[in-house]
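Below is one structure; the comments refer to it alone.
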There are 6 protein chains.
Amino acid sequence: MVTGDRVQLRAIEPSDAETLWRWHSDPEVMRWMDAPYPPSLALTRKRLEERGPDSYGNLNLMIETLDGRTIGIVALREAEPEIGDAKLDIYLGEKDTWGQGYATDAMRTICRYGFGKMRLHRISLTAVAENEAARRVYEKVGFVEEGRMREAFRRDGKWHDKVIMGLLEDELR
Amino acid sequence: MVTGDRVQLRAIEPSDAETLWRWHSDPEVMRWMDAPYPPSLALTRKRLEERGPDSYGNLNLMIETLDGRTIGIVALREAEPEIGDAKLDIYLGEKDTWGQGYATDAMRTICRYGFGKMRLHRISLTAVAENEAARRVYEKVGFVEEGRMREAFRRDGKWHDKVIMGLLEDELR
Amino acid sequence: MVTGDRVQLRAIEPSDAETLWRWHSDPEVMRWMDAPYPPSLALTRKRLEERGPDSYGNLNLMIETLDGRTIGIVALREAEPEIGDAKLDIYLGEKDTWGQGYATDAMRTICRYGFGKMRLHRISLTAVAENEAARRVYEKVGFVEEGRMREAFRRDGKWHDKVIMGLLEDELR
Amino acid sequence: MVTGDRVQLRAIEPSDAETLWRWHSDPEVMRWMDAPYPPSLALTRKRLEERGPDSYGNLNLMIETLDGRTIGIVALREAEPEIGDAKLDIYLGEKDTWGQGYATDAMRTICRYGFGKMRLHRISLTAVAENEAARRVYEKVGFVEEGRMREAFRRDGKWHDKVIMGLLEDELR
Amino acid sequence: MVTGDRVQLRAIEPSDAETLWRWHSDPEVMRWMDAPYPPSLALTRKRLEERGPDSYGNLNLMIETLDGRTIGIVALREAEPEIGDAKLDIYLGEKDTWGQGYATDAMRTICRYGFGKMRLHRISLTAVAENEAARRVYEKVGFVEEGRMREAFRRDGKWHDKVIMGLLEDELR
Amino acid sequence: MVTGDRVQLRAIEPSDAETLWRWHSDPEVMRWMDAPYPPSLALTRKRLEERGPDSYGNLNLMIETLDGRTIGIVALREAEPEIGDAKLDIYLGEKDTWGQGYATDAMRTICRYGFGKMRLHRISLTAVAENEAARRVYEKVGFVEEGRMREAFRRDGKWHDKVIMGLLEDELR
């Protein structure tokens, strides 16, 4: 368990399958993400049952409120020890918790963990340019907009730009 | 979940086995399709339990009415990214829902999804020439009859022609 | 060995790898075909070494002149015994043999074999619409144009139509 | 074989092992790349012997001058058909060919191939910011600098920025 | 069962999964250990179900009070028969049992077992330098501080030294 | 190739089998090392042919003089990215090269590589206490004696102490 001010991060359990499937099936939640093909509950369950332990290169943690309600997921992926960089993914699947600071605290908690325990030097993420709510959260914890990849996202037949943001180890706020 | 006006499309679950087996066992439903050998329920179940996730090249979705009744199945198969074409299959297994616009809406929904999310350029299908009800549905959403393959279908010892129909990405109605 | 008037058809040998690789690397030969990514000779060799025996559903034969020069390849694919149909592919890789009746005789030979030995009822093929030389060959042996699939082929960034042609078992000339 | 004005692109062969190993062992060639641990010739050979065919998602081609001298390698990786984007990697291993326009032509040739045959919409690449010679080549063929990832590269104990560049399908010059 | 004065040591059972997972999730328990990424209960269970029998080179035993309450774990790892040395790991996961002599007795019991049954000549362990409570326990049973590895432990972004301690076969008290 | 002032480090090749086997068979060379059971040349060869590529956690390089004579081997093992430490092993198998500064330069070269490319924080090694020639080399490049593991080495029926030495990333000389 990795504990922040408003959230705690815990390992994924197979019993999270139904929750994850519900989030993946919710178009509002998936709006700015690379939506998978409609997922089956059975395959979501199987995937969780078969996944190996979290590791330096692939860390996925469920976001819980401090009283134990599971509200989202955060990941650090593709960490490379020689460069000390990793990619961050985050979303809150429970829409009634949006806009209350949970994502901000989850971001701070996982980044502190990445720089502290994992000795990362840099964490980066991408966000669809229109997704301003997310970008504000990322900026609040210190992420700097480093570029704009033109037409690198597609939703409903239209292209969107993605911004790339980065956070160095002494920039976390 | 992919949502249309009258139907929604969702992933296949192992719990659909009994429904699919019932449809496959119904000669009226299978009348104009390449009927499989009589299926066992156990093998239908096993096949669903072992199938992998849907993907660019093999997408199969159950058709539900908006209130969640499972009534049919639709598929986009053999998509090739270099050409951007795929083959469409569809049928409604629940006979009491025939002729009420569900198939038309499921066609529109999957085609919109194929052109939008998957960047397809062309969707094609074949239909037994005598199956005029189906052909009317396909034409309603914009499919154009492109040819007639002579004696390419066989049922009860007799040959039938099949029509081939195509829909380009700007032709969906 | 299946023998015609001007050509004979024989099984593929691993020693054909260099020849096939040379044909696959020749843009003139591949002009109207779904060109693979540039093939390596090593993988071509490996693929031939590992391929299983020819069968009802997948028959590939090298075309030789009667004096044993290997000049092309012909295939019957996806044969389904219940319908008795299969798909034909053919090309001559040695460009100096084009236009001398070898392809026509190879077509007649393989179709006679398909209807005779394999009890096929129908053989079909597709051709890029602009490829008029090929279409004339197919018509000469009896294939009938059955339809035109719009924009189903792509070469150098442009779409082309494909014609679909069919031959029933009593139509071979 | 994919042919440009000054270079041609061909599949990798196991016999390229010694050449690739020599390039990977040359610090000048690897200067701005994520250098692997010192490679053995034996493992380079084994890796080439075991690699599968090139495909939509992983395409690697050797760069040859028009008279058949192998001088470099170019790759399109991680192509996703739904978004139509891919990542480009290129380098010339033969240092006496630097600065003569071969890289520029190889870039144009692979991009034309990616947009044409593969229906890509966007090609992106990253370059270490100090590597100005490479960036000039990329700009010459139309790549636009879209961002600067701070301290995302490490060489000899020092961090360097990387620029990210993108090219949309109508921007190739 | 290996029995001491205040504890007994027994094999790990799959039914210990929930207990181990609870200990691993407790930051106070893991404070001076190389903490794993937050573990899932499901993977802890799977790991226990799949582990093989204990052996000369890898011995892990649960520590129980004499009335059968499971309170910790002790291990002898990497035993090499030619040198007769092994590494010891121990912790008590039930915090209400700390400071009551259980760890001291478990240490004595496993070392006696190692020297007696396993013919070890030397047992060594490492401890974070700040962890004085643990070091006192180790000294009490005879371990001698042999060195101090500078900055060989990292917690919360800070480096800590580790002491290395050794016990020879005639030094156990 | 990693280049120092007097040596260069390169990947191991299967063709090194005979050399390694000769070194492993030389009691003078193996005097202060954990000597393996008498090795067969055939198994040495097989082991080299089957080993995978070097990686962050297991890096083994042959030491060559600058004119290409293979004289020894150096390794960084068990690197852990969260702590940034690794273990170093080194020996020169060609006895006529002893005492001429090759080992010192190989140590400096691999440590610079470990701190620079691999972002290590700490490198440690152990040496049999009597092996004063080796210890002088390690101290010359900056290693600090951190402890003495009593009776942790055995040769010819007698116990010897081993010293443990550590080098932090700013201590390399």
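Coordinate-derived values only; no laboratory data. Model, not experiment: these values are computed from the prediction. Note that we place each Cβ from the backbone using ideal geometry, even for glycine, and neighbour counts take in every protein chain shown.
Any idea which of B:Thr97, B:Gly57, B:Met30 is furthest toward the positive side of the dipole for chain B, if Lys and Arg beta-carbons carry +1 and Asp and Glu beta-carbons -1? Of the listed residues, the answer is B:Met30. Using alpha carbons only, the radius of gyration of the stretch E:44-137 set against its Kirkwood radius gives Rg/Rh = 0.97.
Quick check on the stretch C:1-63: take the gyration tensor over C-alpha atoms, sort the square-rooted eigenvalues as a ≥ b ≥ c, and tell me if it's rounded (a/c under 1.5), prolate or oblate. Here the stretch C:1-63 falls in the oblate category. For the stretch E:63-150, GluC sites (Glu not before Pro) are listed when DSSP marks them as loop and at most 12 other Cβ atoms sit within 10 Å of their Cβ; the list is E:Glu82. Between D:Glu78 and A:Trp98, the distance separating the two model label sites (each 7 Å from Cα on the Cα→Cβ line) works out to 2.7 nm. In the structure shown, the pairs A:Lys158/D:Lys162; C:Lys162/D:Lys117; E:Lys162/F:Lys87 are assessed against 22 Å; a Cα-Cα span above that value is assigned to A:Lys158/D:Lys162. The C-alpha atoms of chain F occupy a region whose extents along the principal axes are 41, 40, 33 Å, arranged from largest to smallest. A Gaussian network model of chain B, with springs between Cα atoms under 10 Å, assigns the largest mean-square fluctuation among B:Ala86, B:Ala11, B:Ala133 to B:Ala133.
DSSP finds beta bridges in the stretch B:2-171, and of those with both partners inside it, around 90 percent are antiparallel. Dividing the C-alpha radius of gyration of the protein assembly as shown by 2.2 N^0.38 Å, with N its residue count, gives 1.11.
If you put +1 on each Lys and Arg Cβ and -1 on each Asp and Glu Cβ, how big is the dipole of the stretch E:2-171 around its Cα centre, in Debye rounded to 20? Display every interim value, and only then the final one.
On the way: 26 positive and 31 negative charges, 40 e Å.
For the stretch E:2-171, the charge dipole is close to 200 debye.
Taking a point 7 Å from the Cα of A:Val144 along the Cα-to-Cβ direction, the residues of the stretch A:94-136 with backbone N closer than 15 Å to it are A:121-125.
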